[in-house]
Amino acid sequence: MLRSAGLARAFTLATLGTVFSGHAIQWLAGLVTYVTIVAGLCVVGLGMLVARRREISLWRLLPVSLVVFLCWTIISVFWSVSPSDTVVGWVSQVAVAFLAIVIGHVRDTLQTARALGDVMRWLLSISLGLEILIGILMRQPVHWLGIDGNIARFGPVEGIFGSRNMLGFVAVLALVTFVVEWRTSSVRPGVAVYSVAVGGVMAVLSRSPTVLALAAAVGAAVAALALVRHARPHNRMTLQWSLGAAVVLGLSAAYVFRHQLIAAAGPDFSIRANLWRVLSFYVRFYPVQGFGWFGPWPREEYPFVAIDFSLGKQYTTALNAYADLVLQIGWVGTFLFMAMVGIAVIRSWLVAAERRSIVYAWTPLILVTLVVNSLFESFALFGAGWLILVVCLVRAGQSRSWRERLDAVESAETLPPRR
């Protein structure tokens, strides 16, 4: 039973549904219930891996870059301002990563995308239905699940995800997945059209300032990937290097003109800039190793309480994954994270450029979404964002790596000699 395809699909759906609806579960039933569900899924996942131990190579189980990053985060307990909070944050991060690793080994890319698409259809549909119920049909305002009911004013809406920025992020992930489903004919045309429509509507109604940036980045990635896929094989590498150089130049220009870009982006980004300015002062105290890993900010620990006091507002993250990494685990941890993600992006991009099936584009496009979103939010460090990130790391680690060459050598050694 633990090796059955049906259980693997059910486990994937349950895991994605639980983690992506984490805010709703905690609002309705509390944190203990959510933790209990995640722990139960970890037990089931462990049983599935044990049952499939003959099918799973030890070398393919964990991406090395992920192991190194997680080791650094737990090592930070030795200099953390609150070791107990560091351990709790690390355990929660490892638990979600373990669920993602199980998904990466029991489902292939298309099956994973299909499962995410099914979950996103339900969660976005439920979000839209609740927004209509609370914002239009009910006469008295009721703040269920943190929903403000602003749909009659065309947003911003939060759905069951807790904030408009999280809804916008989820909607973009869903749109990428829905389009891949559509192009691979994995769902009926009517379902595909409905999915893209509800994803687009929720992305627009979220009125999240990050949605436009994510849409532009994903659109540029789609155009670049299409260009590479249609290029002749002998021109492909030159084109890849040219695109890489263009990305580096674009990022360099964005950094040089960052103040002008933030000023032109509006008040939402100005708030982020003020937070990053205050945060940069505290980074100088421990620039190499940081203050210790926490994940979401504990409200009563230094320097987070000092940052909140300076700004007169409570924050749970730095609203930037890279800034959070520098503050918590220093430049060493930030470098390890960026190397981990960068390797995965390059591997998955090269695979998508060479293989004909459009399903291979899902991993690099999801990674691009996560990388760009990390400039404005810290979702990629915990919860649903971290889950999808690790799934993509596992998928990318199973191709174009030293593991493939090792497997090829082992296969050659086991072949019978030619007569």
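The values are calculated or read from the model by the stated rules, or taken from the named source; none is laboratory data. Owing to the predicted nature of the structure, the values given are computational and were not obtained by experimental measurement. Counting neighbours? That spans all protein chains shown, and the Cβs are built from the backbone with ideal geometry, glycine included.
Of these, GLY199, GLY168, which one is in a helix (DSSP H, G or I), modelled with pLDDT of 90 or more, outside the structural domain of PHE269 (by TED's automatic domain parsing) and more than 16 Å from the chain's Cα centre (by Cα)? Even if it seems obvious, please write down each step before you answer.
Numbers: GLY168 fails: more than 16 Å from the chain's Cα centre (by Cα).
Residue meeting the stated conditions: GLY199.
Taking the conditions (1) of a type in the set (Gly, Ala, Ser); (2) buried (at least 19 other Cβ atoms within 10 Å of the Cβ); (3) under 30 Å from PRO287 (Cα atoms) in turn, SER84 satisfies each one other than (2). Among the residues of region 284-300, those that are within 25 Å of the chain's Cα centre (by Cα) and surrounded by 12 or more Cβ atoms within 10 Å (Cβ to Cβ) comprise GLN289, GLY290, PHE291, GLY292, TRP293, PHE294, GLY295, PRO296, TRP297, PRO298.
Whether a residue is farther than 15 Å from VAL368 by Cβ, surrounded by 12 or more Cβ atoms within 10 Å (Cβ to Cβ) and at pLDDT below 85 was assessed, and ARG272 passes this test.
Of the helices (runs of 4 or more DSSP H) lying entirely inside region 320-419, those carrying at least 3 residues that are modelled with pLDDT of 85 or more are 321-354, 362-373, 383-397. Would you pick out the residues in region 166-195 that are surrounded by 23 or more Cβ atoms within 10 Å (Cβ to Cβ) and of a type in the set (S, T, N, Q)? Passing the criteria: THR177, SER195.
For every residue, the table says whether it meets (1) touching a helix residue (DSSP H, G or I) at 6+ places or on another chain (Cβ under 6 Å); (2) aliphatic (A, V, I, L, M).
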site	(1), (2)
GLY330	no, no
MET338	no, yes
TYR360	yes, no
LEU367	yes, yes
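Within region 41-55, identify whether any single residue is assigned to a helix (DSSP H, G or I), within 30 Å of HIS143 (Cβ to Cβ) and modelled with pLDDT of 90 or more, and answer yes or no. Please lay out each step first, then the result.
At the first step, the residues of region 41-55 found to be assigned to a helix (DSSP H, G or I) are 41-51.
Subset that is within 30 Å of HIS143 (Cβ to Cβ): 41.
With modelled with pLDDT of 90 or more added as a condition, the list becomes 41.
The answer is yes; a qualifying residue exists.
Out of all the residues in region 132-146, which are at pLDDT 80 or above and assigned to a loop (DSSP other than H, G, I, E, B)? Scanning region 132-146 gives no hits. The number of residues in region 149-161 that are outside any helix (DSSP H, G or I) and either buried (at least 19 other Cβ atoms within 10 Å of the Cβ) or among the acidic types (Asp, Glu) (or both) comes to 7. Taking region 57-80 as the range and being crowded, with 16+ Cβ neighbours inside 10 Å and outside any helix (DSSP H, G or I) as the test, the residues that pass are LEU62, PRO63, SER80.
Look through VAL351, VAL390 and report the one residue that is buried (at least 19 other Cβ atoms within 10 Å of the Cβ), touching a residue at least 24 places away in the same chain (Cβ under 8 Å) and within 23 Å of CYS71 (Cα to Cα). Before you say what the answer is, go through the steps one by one.
Numbers: VAL351 fails: within 23 Å of CYS71 (Cα to Cα).
Of VAL351, VAL390, the one residue that is buried (at least 19 other Cβ atoms within 10 Å of the Cβ), touching a residue at least 24 places away in the same chain (Cβ under 8 Å) and within 23 Å of CYS71 (Cα to Cα) is VAL390.
In region 1-34, which residues are hydrophobic (A, V, I, L, M, F, W, C), assigned to a helix (DSSP H, G or I) and more than 22 Å from LEU167 (Cα to Cα)? Explain how you work it out, then say what you get.
Here is the first cut: in region 1-34, the ones hydrophobic (A, V, I, L, M, F, W, C) are 1-2, 5, 7-8, 10-11, 13-14, 16, 19-20, 24-25, 27-29, 31-32.
Next, from what is left, pick out any that are assigned to a helix (DSSP H, G or I): 5, 7-8, 10-11, 13-14, 16, 19-20, 24-25, 27-29, 31-32.
Of everything in region 1-34, those that are hydrophobic (A, V, I, L, M, F, W, C), assigned to a helix (DSSP H, G or I) and more than 22 Å from LEU167 (Cα to Cα) turn out to be ALA5, LEU7, ALA8, ALA10, PHE11, VAL32.
Every listed requirement among (1) in contact with a Gly (Cβ under 7 Å, 6 or more places away or on another chain); (2) assigned to a helix (DSSP H, G or I); (3) not polar (S, T, N, Q) is met by VAL38 save one, (1).
Report yes if LEU336 is without any contact (Cβ under 8 Å) to a residue 60 or more places away in the chain, more than 16 Å from the chain's Cα centre (by Cα) and assigned by TED's automatic domain parsing to the domain that holds TRP293, otherwise no. Let's see the steps before the verdict.
Values: without any contact (Cβ under 8 Å) to a residue 60 or more places away in the chain: no; more than 16 Å from the chain's Cα centre (by Cα): yes; assigned by TED's automatic domain parsing to the domain that holds TRP293: yes.
No: the conditions fail for LEU336.
Scanning region 117-148 for residues that are surrounded by fewer than 17 Cβ atoms within 10 Å (Cβ to Cβ), in contact (Cβ under 8 Å) with a residue 24 or more places away in the chain and either charged (D, E, K, R) or at positive phi (or both) yields a total of 1. Reported count of residues in region 103-131, each being more than 23 Å from GLY146 (Cβ to Cβ) and assigned to a helix (DSSP H, G or I), is 14. Scan region 274-293 and give yes if some residue there is assigned to a loop (DSSP other than H, G, I, E, B), β-branched (Val, Ile, Thr) and within 25 Å of HIS23 (Cα to Cα), otherwise no. There is no residue in region 274-293 that is assigned to a loop (DSSP other than H, G, I, E, B), β-branched (Val, Ile, Thr) and within 25 Å of HIS23 (Cα to Cα).
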